[in-house]
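Colleague: Could you have a look at this structure, given as structure tokens, before my questions?
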Amino acid sequence: MQPVDQILTPAALRHWPLPIPDGDKTSRGRVLVIGGARTAPGAVMLAGLAALRVGAGVLTLAVAESVAGPVAAAVPESAVLWLPQTPTGSVAGSAAESIRSALDTAAAILIGPGLDDVDETAELIAGLVPDAPEHLPIVLDAYAIGAIGQLSAATLEALAGRLLLTPNHNELERLLAASDEPADSDDPQHLLAERYQAVLSSDNRIVAPSGDSWLAPAGHSGLGTSGSGDVLAGALVGLLARGASLTQATCWATYLHAAAGDRLAARVGSLGFLARELLDELPLVLTELQA
């Protein structure tokens, strides 16, 4: 039987307050976002800016070398790592070597926005995870979710307990297929959360490996637009960097993302608002919830 979801309301979130860091920007955490192939550099920028909009202190974007210059100019708030790429402009699996120096100072990392080659992404993840500090939270999004089926048992074991996944409906189905889990399960999200010992956010529902689950009764069909998932993943990694737990960061980010969509639907229209417009709404919703 599918467990009863706990409903996320503003009152419930206010009784689960986020950490309020003291001091300078480093106390709010360093975020590392890895993605940005030549075909989709905007995805990594949306994710990185979302992390800053929810209060992360320091941002580093790691992107394919052919787009690193434009990304650095477009997001002056971020440091940029130039990653080796394949002849087609995908981030090369060997890029792990260029990222390792940033792992020790990161408070949370996100892998996936704008990546476009599953094989290269799987190699990249496998190369990074052994050198990532043991308790460093890792968020996988987009193509990084698709690469899970190619990861070794040792890599998956190293990710267990500190992994967060943000699959949309199609990615959830592919993840089930790659994991040999039944697609007609009453609760596929819980199956995957338990299998990978990960927290999932999918379709405004959050599921933890323990079986606990939450539902954000907000959001609008307008959120089904290009780049929206990148904003969600960025908000999630930003809250992790601030010191939120895996489940708290996922619940808060999912609600913030959905509520931002509601605000835009009321002001702009139910369809047609842009993912970049969600960024400006995030700190406003966050401020209202923390008031």
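Colleague: If you put +1 on each Lys and Arg Cβ and -1 on each Asp and Glu Cβ, how big is the dipole of the range 161-246 around its Cα centre, in Debye rounded to 20?
Modeller: Using Cβ point charges on Lys, Arg, Asp and Glu, the range 161-246 gives about 460 debye.
Colleague: If all Cα-Cα distances of the chain are sorted into 5 Å bins from 0 onward, what percent lands in each bin, rounded to whole numbers?
Modeller: Going from the shortest bin to the longest, the percentages are 1, 6, 13, 18, 20, 18, 13, 7, 3, 0, 0.
Colleague: How high is the relative contact order of the chain? Use alpha-carbon pairs under 8 Å, at least six apart in sequence, and give a whole percent.
Modeller: 22
Colleague: So if each residue of separation counts as 0.36 nm, and I subtract the Cα-Cα distance between GLU288 and ASN168, what length gain in nm does that give?
Modeller: Taking GLU288 through ASN168 to full extension adds about 40.5 nm, to one decimal.
Colleague: Here's a follow-up. Could you work out Rg/(2.2 N^0.38 Å) for the range 1-155, with Rg from alpha carbons only?
Modeller: 1.11
Colleague: Just order 42-50, 160-168 by mean Cβ neighbour count inside 10 Å, highest at the front, would you?
Modeller: Ranked by mean Cβ neighbours within 10 Å, highest first: 42-50, 160-168.
Colleague: Among 76-88, 198-210, 249-261, what's the highest-first ranking by average C-beta atoms within 10 angstrom per residue?
Modeller: 249-261, 198-210, 76-88
Colleague: Which ordering of ARG276, ARG53, ARG267 is given by a fewest-first count of other beta-carbon atoms within 10 Å?
Modeller: Numbers: ARG276 16, ARG53 22, ARG267 10.
Taking fewest neighbouring Cβ atoms as first place, the list is ARG267, ARG276, ARG53.
Colleague: Report, largest value first, the span of the C-alpha coordinates of the range 185-291 along each principal axis, in whole Å.
Modeller: 40, 31, 21
Read-outs throughout are calculated quantities, based only on the coordinates presented, and are distinct from any laboratory measurement. In this text the structure is predicted, and so the values were computed from the model without any measurement. So basically every Cβ, Gly included, is an ideal-geometry build from the backbone, and we count neighbours across all protein chains shown.
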